[in-house]
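Okay, so here's the structure we're looking at.
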Amino acid sequence: MALYEEQTLKIYNSLSSQKEVFQPIHEGHVGMYVCGPTVYSKVHLGNCRTFMSFDMVYRYLLHLGYKVRFVRNITDAGHLEDDADQGEDKISKRARLEKIEPMEVVQRYTVDFHNILRKFNLLPPSIEPTATGHIVEQIEIIKIILDRGYAYEKNGSVYFDVQKFNKVYHYGKLSGRKLEDMIANTRELTAQDEKKNSQDFALWKRAEPQHIMRWPSPWGEGFPGWHLECTVMSTKYLGETFDIHGGGMDLKFPHHECEIAQSEASYDKSPVRYWMHANMLTLNGKKMAKSTGNNLLPDEIFSGENKILSKPYPPSVIRFFMMQAHYTSILDLSDEALLAAEKGYTRLMDALDLMEHLPVSSSSDLDLKGWRQRCYDAMNDDFNSPVLIAHLFEGVKWIHLIREGKQTLDAGGKTLFQDTMKGFVFDVLGMESAHAESVDTEKLDGAVQLLIKMRNKARADKDYATSDEIRDALSSLGIQLKDGKEGTTYSL
RNA sequence: GGCAUCGUGGCCGAGUGGCUAGGCACAGCUCUGCAAAAGCUUGUACAGCGGUUCGAAUCCGCUCGAUGCCUCCA
């Protein structure tokens with residue numbers, strides 16, 4: 001029996017604004033799409049939080065035993081920097097500034113993106129399609145929308161007719177907007193604007209002569225509109241209706257709203273059962289923006305080369321910090337908060353090491369099954385990782401109590417306890433073992449054990465000068481000795 | 001200006017009508033040769049003002065503030 005049959009997962013659906021019991025279209029299988037990055041510069045931290053949130057979602061679904069097809073795209077076709085017809089796209093602009101080919105820009109920042117996500121221990125998606133690899137499909141869907149009368153062509157560009165669409169469907173249902181309000185609120189169209197109405201969005205844009213990224217189409221040379229690629233790639237790999245669509249809060253409108261409109265206009269079907277939106281990351285209480293300097297790149301955090309934080313923090317600590325907040329809450333990053341997260345993370349990891357050597361008794365006086373279910377309940381409640389972590393710290397407390405003989409654990413209980421702790425910490429939360437990087441662990445361990453032995457002999461002889469010298473020397477190397485009832489252990 | 005989300009103890013961050021969140025920091029105690037580690041104990045917080053209710057951090061209204069969207073953006 002798969003775990004998902006025992007657990008009832010609820011997901012907060014942005015479309016209905018409430019938590020709903022998750023039921024996949026095909027029993028045992030989940031299709032999930034997440035909007036990926038536009039690869040025209042280095043990924044920034046907020047981006048990473050969104051992808052990390054959905055990595056956690058992906059991991060928990062896998063943990064529950066679902067077969068998940070997880071699609072996350074790469075936006076490598078240039079999209080205009082503003083709404084004006086004459087605008088330059090972001091990738092071409094970067095190419096011009098760096099004096100390289102647009103595809104070189106794409107390659108460079110795709111590699112950077114993958115590197116950073118790997119450091120954060122994100123699982124790669126099942127499929128990572130690119131927009132430029134799906135130009136043909138995008139042209140095909142534009143034809144369908146034109147045929148069904150929800151788009152119009154103007155001077156080699158094709159626009160989606162929002163007002164016409166809204167007569168039959170509901171444009172704005174995801175973001176809670178009314179088209180009338182939006183019309184009342186928008187500026188007059190400029191004379192040279194090709195759109196019938198300012199809410200209309202481009203499905204295809206004619207390429208100006210200087211535009212480098214361009215493809216032939218029935219409407220002349222041009223490039224696809226931004227919202228289209230997600231519609232095309234999600235339906236191609238997941239079907240016309242699929243289970244979960246995720247992305248950052250800021251994509252809710254207009255991007256996701258337009259995706260719904262495109263799908264409904266093409267297939268007369270709502271594309272997504274559960275819409276999930278991850279919330280923003282702020283820095284010292286303010287939005288991150290390059291222009292104000294209130295900005296941090298992941299590498300600047302790892303290296304410590306920045307003016308905002310007091311020290312470098314490893315990726316695993318950042319990940320733990322982010323997992324301590326719910327994905328739908330705004331999370332504020334600060335030096336103080338990271339410092340606290342790092343200590344908590346270390347305590348958790350140290351306890352996990354100690355867990356290997358817990359004494360086993362003939363009986364157990366801990367309610368492990370109840371505790372395990374509370375861990376699942378937390379995750380089942382819209383992926384509440386902070387509550388899960390609270391329960392894991394209860395586990396940490398037990399580990400210490402068992403070591404000191406104040407609680408007991410039988411053999412079966414030990415296995416259940418270990419599997420549960422490790423399952424949640426490593427598989428679900430995606431934490432990495434603290435000592436994964438050290439190569440010569442065994443040699444080091446031998447050397448430290450020898451020193452511990454020498455120190456304890458000195459202590460027995462009341463030669464505290466020697467014992468303290470050993471302790472202080474190890475301490476300055478970053479090795480901390482911990483004297484317990486059962487002997488001395490250490491942590492790095 | 002419009003729409004949306006949110007405002008919790010020294011800091012971070014769950015909770016969403018009555019019952020312990022958790023982490024970090026602080027203090028006391030236990031342990032220790034001394035420390036560290038670990039354990040135990042203590043903190044009565046929910047932006048402000050009104051209202052609903054037997055009872056509200058939790059529901060309603062207003063005010064203030066933050067963030068997001070309305071234009072490319074995770």
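The values are calculated or read from the model by the stated rules, or taken from the named source; none is laboratory data. Values in this document were obtained by computation on a predicted structure and should not be read as measured data. Don't worry about glycine lacking a Cβ; one is built from the backbone with ideal geometry, like all the others, and counts go over all protein chains shown.
Any chance the stretch A:231-243 includes a residue that's outside the structural domain of A:LEU331 (by TED's automatic domain parsing), within 16 Å of RNA strand B (Cβ to nearest atom) and under 23 Å from A:LEU179 (Cα atoms)? Yes. The residues listed here are A:ALA289, A:ALA390; of these, the one that is within 29 Å of A:GLN418 (Cα to Cα) and among the hydrophobic types (A, V, I, L, M, F, W, C) is A:ALA390. If you go through the stretch A:8-67 and keep only what is at pLDDT 95 or above and either touching a His at 6+ places or on another chain (Cβ under 7 Å) or assigned by TED's automatic domain parsing to the domain that holds A:LYS287 (or both), you end up with A:TYR33, A:TYR66, A:LYS67.
Looking at A:ASP299, A:ASP243, A:ASP250, A:ASP268, can you tell me which residue is in contact with a Phe, Trp or Tyr (Cβ under 8 Å, 6 or more places away or on another chain), over 14 Å from A:ILE142 (Cα atoms) and not β-branched (Val, Ile, Thr)? Before you say what the answer is, go through the steps one by one.
Numbers: A:ASP299 fails: in contact with a Phe, Trp or Tyr (Cβ under 8 Å, 6 or more places away or on another chain); A:ASP250 fails: in contact with a Phe, Trp or Tyr (Cβ under 8 Å, 6 or more places away or on another chain); A:ASP268 fails: in contact with a Phe, Trp or Tyr (Cβ under 8 Å, 6 or more places away or on another chain).
One residue alone meets the criteria, A:ASP243.
Looking across the stretch A:315-345, the residues that are without any contact (Cβ under 8 Å) to a residue 40 or more places away in the chain and within 17 Å of the chain's Cα centre (by Cα) come down to A:VAL317, A:PHE321.
Give me a count of the residues in the stretch A:147-160 that are over 14 Å from A:SER263 (Cβ atoms) and either hydroxyl-bearing (Ser, Thr, Tyr) or surrounded by fewer than 23 Cβ atoms within 10 Å (Cβ to Cβ) (or both).
Matching residues across the stretch A:147-160 total 9.
Among the conditions (1) within 15 Å of RNA strand B (Cβ to nearest atom); (2) at pLDDT below 90, A:ALA261 misses just one, which is (2).
Scanning the stretch A:451-475 for residues that are of a type in the set (D, E, K, R) and part of a helix (DSSP H, G or I) returns A:LYS453, A:ARG455, A:LYS457, A:ARG459, A:ASP468, A:GLU469, A:ARG471, A:ASP472. Scan the stretch A:35-67 for residues that are β-branched (Val, Ile, Thr) and within 9 Å of RNA strand B (Cβ to nearest atom) and the total you get is 3. Applying the set (1) more than 30 Å from A:GLU394 (Cα to Cα); (2) modelled with pLDDT of 85 or more to A:PHE426 leaves exactly one unmet item: (1).
One residue stands out in the stretch A:265-295 among those that are surrounded by fewer than 22 Cβ atoms within 10 Å (Cβ to Cβ) and away from RNA strand B (no atom under 15 Å from the Cβ): the one that is nearest to A:VAL168 (Cα to Cα), namely A:ASP268. Tallying residues that are of a type outside the set (A, V, I, L, M, F, W, C) and exposed (fewer than 13 other Cβ atoms within 10 Å of the Cβ) within the stretch A:458-474 yields 4. Exactly one residue out of A:SER217, A:SER198 is more than 13 Å from RNA strand B (Cβ to nearest atom), among the hydroxyl-bearing types (Ser, Thr, Tyr) and closer than 19 Å to A:VAL158 by Cβ, and it is A:SER217.
Among the residues of the stretch A:242-285, just one is in a helix (DSSP H, G or I) and basic (Lys, Arg), namely A:LYS252.
For every residue, the table says whether it meets (1) surrounded by 15 or more Cβ atoms within 10 Å (Cβ to Cβ); (2) touching a strand residue (DSSP E or B) at 6+ places or on another chain (Cβ under 6 Å); (3) modelled with pLDDT of 95 or more; (4) not in a loop (DSSP other than H, G, I, E, B).
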position: A:ASP82; (1), (2), (3), (4): no, no, no, no
position: A:ILE100; (1), (2), (3), (4): no, no, no, no
position: A:VAL106; (1), (2), (3), (4): yes, no, no, yes
position: A:LEU122; (1), (2), (3), (4): yes, no, yes, no
position: A:GLN138; (1), (2), (3), (4): yes, yes, yes, yes
position: A:ILE145; (1), (2), (3), (4): yes, yes, yes, yes
position: A:LYS164; (1), (2), (3), (4): yes, no, no, yes
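To keep it simple, each residue is scored yes or no on (1) surrounded by 13 or more Cβ atoms within 10 Å (Cβ to Cβ); (2) closer than 30 Å to A:LYS369 by Cβ.
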{"position": "A:LEU388", "(1), (2)": "yes, yes"}
{"position": "A:GLY395", "(1), (2)": "yes, yes"}
{"position": "A:HIS400", "(1), (2)": "yes, yes"}
{"position": "A:GLU404", "(1), (2)": "no, yes"}
{"position": "A:LEU409", "(1), (2)": "yes, yes"}
{"position": "A:LYS422", "(1), (2)": "yes, yes"}
{"position": "A:VAL448", "(1), (2)": "yes, no"}
{"position": "A:LYS453", "(1), (2)": "no, no"}
{"position": "A:ASN456", "(1), (2)": "yes, no"}
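All conditions in (1) in contact with a helix residue (DSSP H, G or I) (Cβ under 7 Å, 6 or more places away or on another chain); (2) modelled with pLDDT of 90 or more hold for A:ARG118, with the sole exception of (1).
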